[in-house]
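Remarks on the structure that follows.
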Amino acid sequence: MTTLRRRVAADTRYTLAGFPVAFAAFCVALIGLSGGLGAAVAFVGLPLLAGSAVLVRKFADVERAALPGVLGHPVGHPSYPDAPEGAGWLRRLMNPLATPQGWIDLLHAVIAFPVALVSFVFSAVWWAGTVAGLTFPVYGWVIAAIPEVDGGLPELLGFGHGPVAFVLFNTLAGVLFALTLVPVLRGAALLRASLAEAMLTRPAPRAATTRRRTALDDAPLPPYSVRR
């Protein structure tokens, strides 16, 4: 049960609390790409594009930090090489665009926003339906007593008319939301995390550790002297 609670908390935090981060990264990337590429001929846009790549990298770091909690395994950090020693100011200024990962970060910020939006909507709707439905017996009678409220959806679906049918129907809807909350949250989180893992990460360091251990195992043993 504790593991399930942690899973629900991690998926909820990633899909709901992480959405503003995805939105901010999308705005920065969109401004940088549109303004930077549009004014690249006049050279004015290149520094804007490079600055956007630096900012988007920070958002990518936040995304990478959240991935292990969602995916359940560590992820590798891609390399961002520094400018060569002795490089001029122009080379240092454009260095964020000199690595392919910088462009991938920008592309991810644009592509990931609609995916993050879908994940956010599904998570928010299912949480709202669960909470509102399971607590409907507490306040549903007040809503049913309002003169302007008719039979509503229960009556249209043939479940009867009156406050009892109204409260019971909405409560059962909340139960349905609650029963499907965990898989929906999991699917919404994995939808976004899978894209981030594919574009923002590299194989985890454990693979390199395994290769090093194999090389050590295959290495010849040092000679041992035997004292008589």
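Some points to look at:
- Matching residues, region 196-211, being at pLDDT 90 or above, open to solvent by less than 40 Å² (accessible area, probe 1.4 Å) and in a helix (DSSP H, G or I): ALA196, MET199, LEU200
- Among the residues listed as ALA22, ALA17, the single one being modelled with pLDDT of 95 or more and under 30 Å from THR180 (Cα atoms): ALA22
- Test: residue in region 175-187 that is part of a loop (DSSP other than H, G, I, E, B) and at pLDDT 95 or above: yes
- Selection count where residues are open to solvent by less than 70 Å² (accessible area, probe 1.4 Å) and of a type outside the set (Ser, Thr, Tyr), scope region 126-143: 9
- Restricting region 40-93 to residues that are among the β-branched types (Val, Ile, Thr), in contact with a helix residue (DSSP H, G or I) (Cβ under 7 Å, 6 or more places away or on another chain) and open to solvent by 40 Å² or more (accessible area, probe 1.4 Å) leaves a set whose member that is modelled with the lowest pLDDT is VAL54.
- Selection count, region 153-166, where residues are more than 30 Å from ALA188 (Cα to Cα) and either at pLDDT below 80 or open to solvent by 60 Å² or more (accessible area, probe 1.4 Å) (or both): 9
The values are calculated or read from the model by the stated rules, or taken from the named source; none is laboratory data. Worth saying up front: this structure is predicted, and the values here are computed from it rather than measured. Please note: Cβ atoms are built from the backbone with ideal geometry, for glycine as well, and neighbour counts cover all protein chains shown. Remember, those area values only see protein heavy atoms, side chains included, never the ligands or the DNA or RNA. Shrake-Rupley method; radii C 1.70, N 1.55, O 1.52, S 1.80 Å.
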